[in-house]
Amino acid sequence: MLKTLLIVLFSSITTSFSQDYIWPTDASHTVTAVFGEMRPRRFHAGLDIRTWGLTGYEIYAIGDGYISRIRTGSKGYGKAMYLTINDGNTAVYAHLESFTEMIDRAVNKIQIDQNSYNIDKYFPANKYPVKKGDIIGYSGDTGSISGPHLHFEIRDPNERPMNPLQAGLSFPDTKSPIAHGIAFIPLSLKSTVNSGNYSLVLDLTKKNNDIYVINDTISISGLSGLAVNIKDKIDDQPYNFGLYEISLEINDSTWYEIRYDVYPFSDERNALFHRDFKLNSIYGEKYYRLFRHDDQIKDNFIKQYSNKALPSKSGYYDYLITAKDFNNNQAQITGTFQILQNPDFKNHQIDKHIPENYLTNLTPDEISILQFEHGMTFIYYPGIMDNTLNAIQNISFGDIVSPMFQIKENYYISEIKPHNFFPSFNGMFISDENSKQQFDITGTTVYPDESFFLESFDTLFSIYGEDDSFVDTCLVWIKKKEKYTSPEFGAIVSPVYEIGPNHFHYKNPINIAFKIDGFSPENCSIYYFDKKKNMWQFMDSEKGVNDIFTEILSGELFAVIKETDSPEISHIYPANRGVYGENNLKKISFKVKDEFAGINDENNIEMRLDQAPVIFEYNSYRKMVEYTLFDPLQIGNHKISISVVDNVGNRKYVESKFEIIP
């Protein structure tokens with residue numbers, strides 16, 4: 001039985017790599033992203049191969065097989081080709097500029113038959129066979145992309161993305177990862193790290209041979225976890241890269257281990273837990289969490305013996321964190337922590353340990369809500385003190401009153417409360433001995449298995465979520481904002497609201513809705529304020545009889561904005577009144593641009609050639625529309641009609657008349 005099992009196991013391994021693969025392009029032998037890196041709510045499923053800002057490099061079949069699938073679209077992978085290899089694996093080539101001429105013609109016919117640029121077509125094994133080294137396409141910049149490159153994947157016979165470096169592909173890499181910091185994270189209300197109830201983020205001291213240390217012993221009580229900020233480097237590349245493997249050893253025993261080898265797409269949601277969302281939002285850095293969440297039971301990257309927290313038994317513990325890239329370059333972090341039992345826990349003293357990063361960028365005269373793994377706290381920053389509230393004493397929510405403590409000049413903070421401390425409330429008050437100040441904040445506690453509905457203080461805005469909206473119990477709140485940045489284009493026509501939680505993962509989308517009150521919904525949509533870019537960003541919204549609504553996946557500032565500027569259409573080719581030889585005109589093209597509401601996809605654009613609609617390609621990165629003429633136009637006069645509508649309904653129409661001569 002054992003012999004049979006070993007034979008089957010060996011057979012499955014060798015079947016995955018039954019032939020030597022070649023590098024998939026002549027663009028370069030360098031990468032700008034590796035397998036397993038974080039993307040919004042997902043993992044990076046392959047390698048991004050550098051094309052130096054250019055397009056048109058040859059793409060090769062990495063092994064013998066056949067073209068099994070072609071996808072085209074203005075988003076996602078853009079133009080993508082799937083090559084099923086004889087060993088059962090599939091190579092995926094994405095963001096292509098074009099396929100071979102034969103495939104391009106076949107794709108064009110399919111698009112015409114389906115009356116759509118977006119296609120997803122499968123082919124039998126005998127339709128388009130290829131040999132290793134055959135040119136099967138050309139690199140490009142199509143789809144959702146920030147610049148030209150080749151996105152390349154290898155998927156196993158079960159359609160699971162696997163690390164392409166496991167298949168023998170390689171590139172020069174002699175640089176070790178660089179460790180920048182370590183964080184100790186309290187995971188319960190009465191957990192402490194160096195007497196504080198907030199995450200403790202520490203810089204590291206580098207010793208010889210890529211070893212980093214913390215010289216001080218960290219004192220911990222209660223459940224806590226570790227997270228590390230480590231970035232990999234690759235020879236001759238300016239970018240930071242993700243790691244291949246991280247392990248945490250405590251007293252010489254493996255406590256946690258993760259290796260980015262292979263995963264099913266059903267594991268995508270686990271990406272929410274691989275980095276610490278709170279530390280990223282506060283410190284702007286990506287920290288690998290070295291502890292498991294309950295929802296990570298089936299995480300394919302994390303070894304099953306990995307733990308959910310640091311040890312809880314009292315004593316001293318030595319720890320060793322080892323971070324590796326695929327070429328086995330490594331960095332190590334060493335240190336010691338002590339677990340204490342039943343410390344003298346006084347919440348009002350611990351609150352004063354809040355890191356300075358949590359206090360930066362607070363808006364004066366507003367209540368800020370900070371939410372953590374283990375609880376939440378409220379911060380009030382009056383700005384310049386006046387005679388209204390001379391000495392802040394309490395914060396109150398209906399019948400609930402909680403003391404406030406001054407942690408530094410002009411900053412007041414509440415005790416840390418559990419997430420279910422407030423059933424619901426409609427308005428907050430800050431008070432001293434003689435007076436109160438009201439704040440338009442409403443909130444409700446939401447449990448993972450319950451749906452919820454919450455309305456703003458002025459009843460003009462609401463949030464609704466089904467059960468399973470959040471990973472853990474949390475406070476959901478709405479705060480009306482009086483101070484905000486005005487948009488560069490358009491005008492805000494609704495109140496502006498801040499939504500929380502804004503440092504928690506949303507497991508599933510929740511719905512927000514603005515009542516249409518005092519404004520016309522025409523040319524309007526919901527926007528959120530991007531703090532990193534310092535600008536308002538369009539969101540796809542729907543209009544009901546009395547409201548405008550959309551789905552969100554994170555807490556931000558939201559508002560309804562009206563914009564009436566029409567899109568721009570430029571660089572039309574063939575030009576108006578142009579004259580062209582019958583064999584010289586190969587493409588029709590033009591550029592489209594909309595500064596604010598934007599253009600979502602090819603459905604926002606209509607192009608007609610001599611009154612007949614045509615199936616064109618919209619390159620959202622270059623904002624270019626192109627229509628390939630596979631056959632010459634007839635001699636005579638022709639007309640292109642172009643209509644472009646932005647995402648809020650502003651329309652632009654132009655025509656270009658030209659002549660074809662012998």
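With the Cα gyration tensor of the chain giving a ≥ b ≥ c as the square roots of its eigenvalues, does the rule (a/c under 1.5 for rounded; else a/b larger than b/c for prolate; else oblate) give rounded, prolate or oblate? If you can, show how the numbers build up before the last one.
Working: a/c = 2.47, a/b = 1.29, b/c = 1.92.
Oblate is the answer for the chain, as a/c is 1.5 or above yet b/c matches or exceeds a/b.
When the alpha carbon coordinates of segment 566-632 are projected onto the principal axes, the ranges are 39, 23, 21 Å, largest first. For the residue pairs 75/639; 483/652; 531/593, alpha carbon separations beyond 27 Å are given by 75/639; 483/652. Loop-resident GluC sites (Glu not before Pro) (DSSP state other than H, G, I, E or B) in segment 515-551 with no more than 16 further Cβ atoms inside 10 Å of their Cβ: 522.
For residue 121, a cut-off of 16 angstrom between C-alpha atoms picks up these lysines, skipping any fewer than 8 places away in its own chain: 79, 109.
FRET efficiency for the residue 565 to residue 630 pair, using the beta carbon distance and R₀ = 41 Å, is estimated at 0.70.
The slack between residue 611 and residue 577, meaning 0.36 nm per residue of separation minus the straight C-alpha distance, is 10.5 nm. Placing dummy labels 7 Å off each Cα toward the beta-carbon, the span from residue 121 to residue 481 is 4.7 nm.
Hey, if we sort 202, 223 by accessible area with the 1.4 Å probe, largest down, what's the order?
From most accessible down to least: 223, 202.
I need the calculated FRET efficiency for the pair residue 105 and residue 236, taking r as the beta carbon distance and R₀ as 56 Å, to the nearest 0.05.
Numbers: r = 40 Å, r/R0 = 0.71.
The calculated FRET efficiency here is 0.90.
Taking the charge dipole of the chain about its Cα centre, with +1 at Lys and Arg Cβ atoms and -1 at Asp and Glu Cβ atoms, the residue from 475, 110, 88 reaching farthest to the positive side is 88.
Using only Cα atoms, what Kirkwood radius does segment 511-662 have, in angstroms? Provide the component values of the computation, followed by the final result.
Working: mean 1/r = 0.0570 Å⁻¹.
The answer is 17.5 Å.
Entry comment: accessible area of the chain is 45 Å² per residue, from protein heavy atoms only and a probe of 1.4 Å. Between residue 473 and residue 522, the FRET efficiency estimated from the beta carbon spacing at R0 = 51 angstrom works out to 0.80. The convex hull of the Cα atoms of segment 104-156, projected and averaged over all directions, covers 5.3 nm².
Exactly which trypsin sites (Lys or Arg not before Pro) in segment 572-625 are in a DSSP loop and have at most 12 other Cβ atoms within 10 Å? Sites meeting the loop and neighbour criteria: 577, 586.
Report, in degrees rounded to the nearest 10, the 0 to 90 angle that the Cα long axis of helix 2-16 makes with the longest principal axis of the chain. On a 0 to 90 degree scale, this one is about 60. Mean residue ellipticity, 222 nm, helices only, the chain: the sum of -39500 (n - 2.57) across DSSP H runs of n ≥ 4, divided by residue count and rounded to 500, is -2000 deg cm²/dmol.
Take every pair of alpha-carbon atoms less than 8 Å apart whose residues are at least six positions apart; their mean separation over the length of segment 51-173 yields a relative contact order of 37 percent. Kirkwood hydrodynamic radius of segment 17-95, from the reciprocal of the average inverse Cα-Cα distance over all distinct pairs: 13.8 Å.
Counting only Cβ charges, +1 for Lys and Arg and -1 for Asp and Glu, the dipole size of the chain around its Cα centre is about 960 debye. Using only alpha-carbon positions in segment 411-505, the gyration tensor eigenvalues give semi-axes of 23, 22, 13 Å once each is multiplied by 5 and square-rooted (largest first). Estimated at 0.36 nm per residue, the fully extended path between residue 539 and residue 394 surpasses their Cα-Cα distance by 48.4 nm. Applying a DSSP loop filter and a limit of 11 other Cβ atoms within 10 Å to the GluC sites (Glu not before Pro) in segment 92-194 leaves 159.
Fully extended, how many nm does the chain gain between residue 20 and residue 530 (0.36 nm per residue separation, minus their Cα-Cα distance)?
Numbers: separation 510, 0.36 × 510 = 183.60 nm, distance 4.57 nm.
Fully extending the segment from residue 20 to residue 530 adds 179.0 nm.
The values are calculated or read from the model by the stated rules, or taken from the named source; none is laboratory data. Everything quoted here is computed from the prediction, not taken from an experiment. Reconstructed Cβ throughout: ideal geometry from the backbone, glycine too, with neighbour counts over all protein chains shown. Surface areas here come from the heavy atoms of the whole protein model, side chains and all, with no ligands, DNA or RNA. Shrake-Rupley method; radii C 1.70, N 1.55, O 1.52, S 1.80 Å.
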